[in-house]
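Worksheet: one structure, shown below.
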Amino acid sequence: AAKCGDDKVFSGIDAHFLYTSMGFPVDLSELMAEELGLALDRDAFDTKMKEEQELSAAAHQAKMMGGSGKDMRLVAEQTACLVGKDVAATDDSAKYLWNQELGGCTAKGLFIGRNETEDGIGFVESITAENGSVGVILDKSSFYAEAGG
């Protein structure tokens, strides 16, 4: 309380630190501050949270672009396009097999990035070096699919 000075405001930045680094809920910070006669600067907390969310979203977007500057995410439109072309889901059962070579994989789709084609979907029939980074849809894979969480 002494650190807060005469304005009797608990810093939203400090509350943000407690929440993001220590897992301490902001509502408990606010309650404890009130018990000491302080008010939590909720606006500063919310502003800092928004900044962190934007930073996280930007980092996620950069990860999905793979450093290529292109949006390489396969979302609903791309999945629907593959289903419409009767491309079956990738068989990933080989991910459970160790020390075995997975042979005979077939490319079922070539992806150059969302909004990189006239239709905006991103699938093409062939690729060239000018396409830069590309995604390849395989009929089978030994890799685990990446998902959130």
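The values are calculated or read from the model by the stated rules, or taken from the named source; none is laboratory data. Note that the coordinates shown come from a computational prediction; the quantities given were computed from them, not determined experimentally. All Cβ positions, even for glycine, are placed from backbone atoms using ideal geometry, and neighbour counts span all protein chains on display. Keep in mind that these areas ignore ligands, DNA and RNA; they rest on the heavy atoms of the full protein, side chains included. Shrake-Rupley method; radii C 1.70, N 1.55, O 1.52, S 1.80 Å.
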Checklist entry - Does at least one position in the range 71-79 carry a residue that is farther than 23 Å from Gly113 by Cα, part of a helix (DSSP H, G or I) and either touching a Gly at 6+ places or on another chain (Cβ under 7 Å) or open to solvent by less than 60 Å² (accessible area, probe 1.4 Å) (or both)? => result no
Checklist entry - Quick one: how many residues across the range 126-139 are open to solvent by 50 Å² or more (accessible area, probe 1.4 Å) and under 16 Å from Val83 (Cα atoms)? => result 2
Checklist outcome for this item: Every listed condition ((1) touching an Asp or Glu at 6+ places or on another chain (Cβ under 7 Å); (2) within 30 Å of Ser11 (Cα to Cα); (3) of a type outside the set (A, V, I, L, M)) holds for Gly37 save (1)
Next on the checklist: Can you tell me which condition Met64 does not meet? The list is (1) without any contact (Cβ under 8 Å) to a residue 40 or more places away in the chain; (2) out of contact with any Lys or Arg (no Cβ under 6 Å at 6 or more places or on another chain), and all the others hold.
Outcome noted: (2)
Item to check | Filter pass, Leu82 being out of contact with any helix residue (DSSP H, G or I) (no Cβ under 8 Å at 6 or more places or on another chain), in a strand (DSSP E or B) and within 30 Å of Ser142 (Cα to Cα) | outcome: no
Item to check | Tally of residues being open to solvent by 30 Å² or more (accessible area, probe 1.4 Å) and closer than 15 Å to Lys85 by Cα across the range 100-118 | outcome: 3
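Suppose the filter is touching a residue at least 24 places away in the same chain (Cβ under 8 Å), more than 14 Å from Gly135 (Cβ to Cβ) and over 25 Å from the mean Cα position of the chain (by Cα); does Ala107 pass it? It would help to see each step written out before you state the result.
On the way: touching a residue at least 24 places away in the same chain (Cβ under 8 Å): yes; more than 14 Å from Gly135 (Cβ to Cβ): no; over 25 Å from the mean Cα position of the chain (by Cα): yes.
No; evaluated as a whole, the condition is false for this residue.
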